[in-house]
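Here is the structure we will look at, set down as structure tokens.
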């Protein structure tokens with residue numbers, strides 16, 4: 001088996017660390033999952049590492065299981081990045097075409113993207129992704145790939161995604177101690193867009209909302225381009241915390257109540273239905289109504305959706321995405337959440353499930369695997385570019401990460 005045939009995705013979430021090992025059939029281009037590993041994520045909070053040793057152990061445990069199930073030694077992986085301090089900003093670059101005959105070359109495209117990358121960054125931030133949206137050749141706007149065209153002046157509009165240097169270095173340290181090299185560091189919302197969103201949806205206008213344990217990732221597309229992305233510092237663990245406070249019970253009991261009896265909309269629950277908490281925890285002696293539980297859950301979910309709406313308001317897209325919302329992450333397993341999303345966001349909504357994969361489908365047919373499956377498709381896309389000799393840029397994310405591949409051509413149709 002050639003090394004190029006194997007792609008590994010590593011998703012380090014606040015609740016779980018997940019590893020997928022995929023084999024790519026060079027003839028059919030099929031993606032087959034040949035191994036997977038999962039472990040409890042320790043040392044993470046809201047997508048940020050708070051204990052290097054515990055996080056390293058969690059990664060190593062998941063890797064060991066993935067190696068055992070796949071029979072393949074894992075030496076490198078595409079890795080998710082989900083810190084709540086990820087930010088995005090537009091940027092433009094302009095250059096003069098280099099060739100004497102004014103034909104635009106791949107080198108010109110690389111130079112203009114590099115020019116767009118020369119921006120003033122917030123303190124302690126680094127560039128994770130530079131995503132070309134469209135080019136302008138002289139006065140001709142809306143060009144998707146200018147190579148081979150003739151012009152004097154080349155301009156590019158990009159979206160630059162930045163992450164905390166501290167978080168990047170800490171994450172890199174944990175991965176290095178686990179014996180891995182990083183193929184690429186990919187923000188979670190961007191990875192998810194590769195597993196859940198299709199070209200038609202991206203053209204029409206769509207948002208992916210991933211409600212994880214400690215954070216909620218958002219990415220918005222229109223006319224095929226990414227127009228906004230962010231990671232919000234709130235997730236499903238906040239629902240559990242609210243239940244623990246509201247029911248005056250332990251976190252463990254609150255989590256069981258959420259998973260077994262939780263409902264996203266209180267209006268859909270009979271106020272007479274009751275739960276005896278002693279059946280969940282023998283130390284408890286109170287009886288609570290399902291409606292009260294749902295009221296607590298709905299309040300927190302509505303807060304998450306209001307934060308999503310605030311992000312959409314920044315780009316003028318509140319209620320204006322024809323393809324609607326795709327929901328993913330462990331937090332979207334609550335019954336009634338699709339109806340609540342439609343109600344609060346005033347958009348069509350559905351839960352997204354990874355598709356176009358073979359192997360252990362019964363395990364992956366789950367919205368919590370959207371990120372790690374997306375990393376596999378991200379890796380496949382970038383490997384395809386390398387095999388066909390398409391344009392590649394190498395950008396340094398941090399000294400500890402080293403040179404991390406950023407394939408700008410990948411974002412061009």
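The values are calculated or read from the model by the stated rules, or taken from the named source; none is laboratory data. No experiment lies behind these values; they were computed from the predicted model shown. Glycine also receives a Cβ, built like all others from the backbone with ideal geometry; neighbour counts cover every protein chain displayed.
Would you say residue 271 is without any contact (Cβ under 8 Å) to a residue 60 or more places away in the chain, touching a strand residue (DSSP E or B) at 6+ places or on another chain (Cβ under 7 Å) and under 28 Å from residue 215 (Cα atoms)?
no
What about residue 70, is it closer than 23 Å to residue 176 by Cβ and more than 20 Å from the chain's Cα centre (by Cα)?
Yes.
Any idea which of 283, 313, 342 is exposed (fewer than 14 other Cβ atoms within 10 Å of the Cβ), out of contact with any helix residue (DSSP H, G or I) (no Cβ under 7 Å at 6 or more places or on another chain) and modelled with pLDDT of 95 or more?
Being exposed (fewer than 14 other Cβ atoms within 10 Å of the Cβ), out of contact with any helix residue (DSSP H, G or I) (no Cβ under 7 Å at 6 or more places or on another chain) and modelled with pLDDT of 95 or more holds for just one of 283, 313, 342, which is 313.
Mind listing whichever residues of region 201-236 are in a loop (DSSP other than H, G, I, E, B) and under 18 Å from residue 49 (Cα atoms)?
212, 213, 214, 215, 233, 234, 235
Would you be able to tell me the number of residues in region 204-228 that are more than 21 Å from residue 373 (Cα to Cα) and buried (at least 24 other Cβ atoms within 10 Å of the Cβ)?
Number of matching residues: 0.
Name the residue that is nearest to residue 330 (Cα to Cα), counting only residues in region 218-246 that are under 15 Å from the mean Cα position of the chain (by Cα) and without any contact (Cβ under 8 Å) to a residue 40 or more places away in the chain.
Ranking the candidates gives 219 first.
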